[in-house]
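The values are calculated or read from the model by the stated rules, or taken from the named source; none is laboratory data. None of the values given here were measured: they were computed from a predicted structure. Ideal geometry is used to build each Cβ from the backbone, glycine not excepted, and the neighbour counts take in all protein chains shown.
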Amino acid sequence: MNLNEIADELYQHQKNGEELEKLTERYTGLTPENSYEIQKINIQKDLLAGDHLTAWKMGLTSLAKQQSVGISEPIYGRLLKSMEINSPLLNLKGLIHPRVEPEFAFFINQHLEGADITEEKVWKATIGIAPALEVIDSRYRDFSFNLVDVVADNASSSRFILSKNIYSPTEFQLDQLEVSMELNGKTVQIGRGSAVLGNPVRSVVKLVQMLHSVGESVEPGMIVLTGGITEAVPVSIGDNLIANFEKLGRMKLSVKS
């Protein structure tokens, strides 16, 4: 089994916005370790082409999402500078079946590594917290996948946008904040920060532990998106979405062709 060939196939579908059948239906014996290697191989292609790694993202950070794909822990992916949206407009070109979810973004200014990482160390290394929206878009047909498939597909990473409102990490208790999502004027999702592993800071702790197991770390200047606070909301051309973050403000996103 050649991981580079599998990665190349997936990479082409990611770049062209084309669906493909699940890898696990066509390649036997793929492991989670293989899938993270495929993810890294494809990100490296973008880095060699001049892109930059600006953030890590956590996925499957709620118990319900973990159960839906039969796992007991979250996953991580990599976010590139080219994935960041700098205005509240989402262009659907190159996307297959996009969905939007609200998250908290941690701005990190210290090196974080090690299996012994603590919440206290994460808070100390965090210079700010901001609301964020992530656009996920699985490249697999019908948005159907298992753990190995989704990890290889960079945890369904696609686009992300950060709020310009950045707050002190000690200003609010993130686990208690309510977040709602409105689609075309109708509330479609409501959640709390506690949906993210009980508290979003634990998502950063888990990320550092998972990276440690493969010899990597979170570097100063990086951002960590801690995982969806509500279920992801499917969007299409002409939609207008508003995410209301209690005490932190609102984010808007309009969808165009």
Next item on the list: Please determine, by comparing only the residues of segment 91-112 that are touching a helix residue (DSSP H, G or I) at 6+ places or on another chain (Cβ under 6 Å) and under 20 Å from G227 (Cα atoms), which one is modelled with the lowest pLDDT.
Entry: H97
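Considering segment 26-76 alone, what residues qualify as being basic (K, R), in contact with a helix residue (DSSP H, G or I) (Cβ under 7 Å, 6 or more places away or on another chain) and more than 24 Å from N2 (Cβ to Cβ)?
Of everything in segment 26-76, just one residue is basic (K, R), in contact with a helix residue (DSSP H, G or I) (Cβ under 7 Å, 6 or more places away or on another chain) and more than 24 Å from N2 (Cβ to Cβ), namely K57.
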Notebook entry, point to check: Is segment 220-227 home to any residue that is within 29 Å of D116 (Cβ to Cβ), touching a helix residue (DSSP H, G or I) at 6+ places or on another chain (Cβ under 6 Å) and of a type in the set (G, A, S)?
Noted result: yes
Check: So, in segment 144-167, of the ones that are in contact with a strand residue (DSSP E or B) (Cβ under 8 Å, 6 or more places away or on another chain) and more than 24 Å from P88 (Cβ to Cβ), which residue ends up modelled with the lowest pLDDT?
Finding: L147
Next item on the list: Of the numbered conditions (1) at pLDDT below 95; (2) under 19 Å from the mean Cα position of the chain (by Cα); (3) not hydrophobic (A, V, I, L, M, F, W, C), T170 fails exactly one; give the number of that condition.
Entry: (2)
Next item on the list: Might you let me know whether segment 167-187 holds any residue that is among the polar types (S, T, N, Q), within 30 Å of E33 (Cα to Cα) and surrounded by 17 or more Cβ atoms within 10 Å (Cβ to Cβ)?
Entry: no
Note to self: Just to be sure before I move on: is V135 at pLDDT below 95, within 27 Å of A7 (Cα to Cα) and touching a Ser or Thr at 6+ places or on another chain (Cβ under 7 Å) in the structure I sent?
What the structure shows: no
Notebook entry, point to check: Going by the conditions given, is L23 surrounded by 12 or more Cβ atoms within 10 Å (Cβ to Cβ), farther than 20 Å from M210 by Cβ, of a type in the set (A, V, I, L, M, F, W, C) and in contact (Cβ under 8 Å) with a residue 24 or more places away in the chain?
Noted result: yes
Margin query: So the check is Cβ under 9 Å with 6+ separation or different chains; which pairs have a first residue in segment 81-97 that's over 25 Å from D142 (Cα atoms) and a second one that's part of a helix (DSSP H, G or I) and not polar (S, T, N, Q)?
Written below: S82/D46
Notebook entry, point to check: What are the residue pairs meeting all of these: first residue in segment 195-220, first residue under 22 Å from E101 (Cβ atoms), second residue assigned to a helix (DSSP H, G or I) and of a type in the set (K, R), Cβ atoms under 8 Å, and 6 or more apart or on different chains?
Noted result: V196/R202; L197/K206
Check: In segment 125-162, how many residues are surrounded by fewer than 21 Cβ atoms within 10 Å (Cβ to Cβ), within 17 Å of T61 (Cβ to Cβ) and in contact with a His (Cβ under 8 Å, 6 or more places away or on another chain)?
Finding: 0
Notebook entry, point to check: Could you say which residue among D116, D149 is among the acidic types (D, E), in contact (Cβ under 8 Å) with a residue 24 or more places away in the chain and outside any strand (DSSP E or B)?
Noted result: D149
Notebook entry, point to check: Going through segment 221-235 one residue at a time, which ones are touching a Leu at 6+ places or on another chain (Cβ under 9 Å), farther than 24 Å from I96 by Cα and surrounded by fewer than 24 Cβ atoms within 10 Å (Cβ to Cβ)?
Noted result: M222, I223
